[in-house]
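K.L.:
I'd like to ask some things about the structure below.
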Amino acid sequence: MDTKMKVFKSLSIGLVGGLLLSASVYAAPDIDWPKKPIVAVVSFPAGGSTDIFARSVTAPLSEALGQSIVVENKPGAGGMIGLQAAAKAAPDGYTIHISALTNQSISTALFKNPPADLQKDFAPVALIGTIPHLIVVNPTVPAKNLPELIAFIKSKKGEFNYASQGNGSLSHLESTLFMQRIGATGTHIPYKGSSFALPDLIAGNTLMMFDSVTASLPHIQSGKLRPIAIAAAERSPLMPNVPTLGQDGMKQFDVENFYAIYVPKGTSPAIIAKLEREIRKILTNPDFKARMATQGIHPQFANSEQLGLITASEANKWEKVVKSANIKVD
C-alpha cells in the first residue's frame, strides 16, 4: 500500500468496518440538470496547479453533463477571494468550487476573520486528488541540495527574498515553517499564485519558493529552475533523483496537498449525487490518470461524506500547526 493511500485511510478511520454510503449509492433517478453552463470558481490564477487540475477535470465533466463548464479564476488573499465568491453564489448547481483544500484550510486558520469557510458555507462533493510541493531555486543559487541551500541561506544573514503563492497560502506556511526550522530570516514576497511568482524567481528577484510540482515542472525541465527537495512523503516519479525533505535531513516536513470539489451549502443532494457519480468515473479512468501523472497530479477519489471527514480533519490539523508555530499573515 502506498503512502498516499495510508494517509487517506488514516483520515477516513471512521469508515473502518464498512463503507460510508454516499448519496449516489442509492441509485437515485437521474435529474433534469444541468440546463445551462456551469461556473467553476478557482481561487488561483491561470497556469497554477489548481487551475491546471481544475481544467483537466472540468473538460471531461462538461462532456459527461452535456453543458459547458466555464472556469473563473479569482486569485488573491490566500484563496479567500475565490472562496467568498463561490460561497455567495446561488445554491442551484450552476456554481462549483474547485478547491486547493489544504491551502484553504491554512488560509482559514491564518485569517482572523475569514470571509468564507469550506465547512460552514459549502457542501462537499468529491475529493479529486493530490499534488506535491517542492522547493525550487534559481539556477544561479549555488546550492544543489538541502544542506547546501540551508548553508547558503544562513550565509545571507537575512538579506534575501523568498516567494510564495500568496499570504495565507500553503506555500507561505511551508516557507515560514522552513525558516523557523533552520533558524533563518528573510523577506517574504507574496504573489497571487505560481504564475505570478515564478517569473520573478526565474529572473533571480527571489531566491527560493515552495511551489507545486505541476506549476514548476516545465521550468525545471527547461533548466530555468532547480529542484532541491520534495515537501511530501514520497519522491515524485517525474523527478526520481530529487529527494524528499525527510530524506535530505529535515524530518516531519511532508504535506499531503489535497484538492476537492464543493458546492454552495443548500445545493440539492440530487445534484451533488450526480456530480459525485460523474467525477468518480473521470478519476478512475486509466487514461485520465495516466495523463495527470505526466503533470505531477495524483487523481484520487473520495465521496462526499468521506470528503466531509477529510475537510474537518484538515481544518483541525492546520489550525493546530498555525497556533503552535505562532504564524501571522503579514
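K.L.:
So Phe178 clears everything in (1) closer than 20 Å to Lys323 by Cβ; (2) free of Cβ contacts under 8 Å to residues at least 24 places away in the same chain except one condition, right? Which one?
P.N.:
Against the list (1) closer than 20 Å to Lys323 by Cβ; (2) free of Cβ contacts under 8 Å to residues at least 24 places away in the same chain, Phe178 comes up short only on (2).
K.L.:
Further question: Give the stretch 61-85 a look and list any residue that's crowded, with 16+ Cβ neighbours inside 10 Å and within 23 Å of Glu305 (Cα to Cα), or say none.
P.N.:
Leu61, Leu65, Leu83, Gln84
K.L.:
Go through (1) in contact with a Gly (Cβ under 9 Å, 6 or more places away or on another chain); (2) free of Cβ contacts under 8 Å to residues at least 60 places away in the same chain; (3) under 21 Å from Ala100 (Cβ atoms) one by one and return the number of the condition Gln252 breaks.
P.N.:
Just one mismatch for Gln252, condition (3).
K.L.:
Regarding the stretch 302-311, can at least one residue be identified that is part of a loop (DSSP other than H, G, I, E, B) and more than 19 Å from Glu63 (Cβ to Cβ)? Full working, then the answer.
P.N.:
Within the stretch 302-311, the first condition is being part of a loop (DSSP other than H, G, I, E, B), and the residues that meet it are 303.
Imposing the further condition that a residue be more than 19 Å from Glu63 (Cβ to Cβ) reduces the set to 303.
Yes.
K.L.:
State yes or no: is Lys120 surrounded by fewer than 18 Cβ atoms within 10 Å (Cβ to Cβ), touching a strand residue (DSSP E or B) at 6+ places or on another chain (Cβ under 8 Å) and not small (Gly, Ala, Ser)?
P.N.:
no
K.L.:
Still on this model: Can you name every residue in the stretch 204-241 that is in a helix (DSSP H, G or I) and under 17 Å from the mean Cα position of the chain (by Cα)?
P.N.:
Residues of the stretch 204-241 that are in a helix (DSSP H, G or I), as a first pass: 213-221.
Val213, Thr214, Ala215, Ser216, Leu217 - these are the residues of the stretch 204-241 that are in a helix (DSSP H, G or I) and under 17 Å from the mean Cα position of the chain (by Cα).
K.L.:
Something else now. Does Ala215 meet the test of being touching an Asp or Glu at 6+ places or on another chain (Cβ under 7 Å) and in contact (Cβ under 8 Å) with a residue 60 or more places away in the chain?
P.N.:
Working: touching an Asp or Glu at 6+ places or on another chain (Cβ under 7 Å): no; in contact (Cβ under 8 Å) with a residue 60 or more places away in the chain: yes.
The answer is no for Ala215.
K.L.:
Among the candidates Ala231, Ala325, which residue alone is out of contact with any His (no Cβ under 6 Å at 6 or more places or on another chain) and over 30 Å from Pro34 (Cα atoms)?
P.N.:
Ala325
K.L.:
Please work out if Ala325 is at pLDDT 95 or above and among the small types (Gly, Ala, Ser). Write out each step before concluding.
P.N.:
Details: at pLDDT 95 or above: no; among the small types (Gly, Ala, Ser): yes.
So Ala325 fails the test.
Per-residue answers, yes or no, for (1) at pLDDT 95 or above; (2) touching a Ser or Thr at 6+ places or on another chain (Cβ under 8 Å); (3) assigned by TED's automatic domain parsing to the domain that holds Pro218:
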| position | (1), (2), (3) |
| --- | --- |
| Ile271 | yes, no, no |
| Glu276 | yes, yes, no |
| Ile282 | yes, no, no |
| Pro286 | yes, no, no |
| Ala290 | yes, no, no |
| Ile297 | yes, yes, no |
| Gln300 | yes, yes, no |
| Glu305 | yes, yes, no |
| Lys317 | no, yes, no |
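K.L.:
Scan the stretch 196-234 residue by residue and report those that are under 13 Å from Asn138 (Cβ atoms) and among the aliphatic types (A, V, I, L, M).
P.N.:
Hits for the stretch 196-234 are Ala197, Leu198, Leu201, Ile202, Ala203, Leu207, Met208, Met209, Ile220, Leu225, Ile228.
K.L.:
Got a sec? Which of Gly266, Gly193 is in contact (Cβ under 8 Å) with a residue 24 or more places away in the chain and either over 24 Å from Asn138 (Cα atoms) or surrounded by fewer than 20 Cβ atoms within 10 Å (Cβ to Cβ) (or both)?
P.N.:
On inspection, the qualifying residue turns out to be Gly266.
K.L.:
Also: Of the residues Ser68, Ser56, Ser107, Ser62, which is closer than 14 Å to Gly193 by Cβ and either in contact with a Ser or Thr (Cβ under 9 Å, 6 or more places away or on another chain) or of a type outside the set (Lys, Arg) (or both)?
P.N.:
Details: Ser68 fails: closer than 14 Å to Gly193 by Cβ; Ser56 fails: closer than 14 Å to Gly193 by Cβ; Ser62 fails: closer than 14 Å to Gly193 by Cβ.
When all the criteria are applied, what remains is Ser107.
K.L.:
Against the definition (in contact with a Leu (Cβ under 9 Å, 6 or more places away or on another chain) and either without any contact (Cβ under 8 Å) to a residue 60 or more places away in the chain or assigned by TED's automatic domain parsing to the domain that holds Ile271 (or both)), how does Ile31 come out, yes or no? Give the steps one after another, and end with the answer.
P.N.:
Working: in contact with a Leu (Cβ under 9 Å, 6 or more places away or on another chain): no; either without any contact (Cβ under 8 Å) to a residue 60 or more places away in the chain or assigned by TED's automatic domain parsing to the domain that holds Ile271 (or both): yes.
So Ile31 fails the test.
K.L.:
Then there's this: When you check Tyr162 against the structure, is it in contact with a helix residue (DSSP H, G or I) (Cβ under 6 Å, 6 or more places away or on another chain), modelled with pLDDT under 95 and not aliphatic (A, V, I, L, M), yes or no?
P.N.:
On the way: in contact with a helix residue (DSSP H, G or I) (Cβ under 6 Å, 6 or more places away or on another chain): yes; modelled with pLDDT under 95: no; not aliphatic (A, V, I, L, M): yes.
It is false that Tyr162 is in contact with a helix residue (DSSP H, G or I) (Cβ under 6 Å, 6 or more places away or on another chain), modelled with pLDDT under 95 and not aliphatic (A, V, I, L, M).
The values are calculated or read from the model by the stated rules, or taken from the named source; none is laboratory data. Remember, it's a predicted structure, so these values are computed and weren't measured experimentally. No Cβ is skipped: glycine too gets one built from the backbone with ideal geometry, and neighbour counts run over all protein chains shown.
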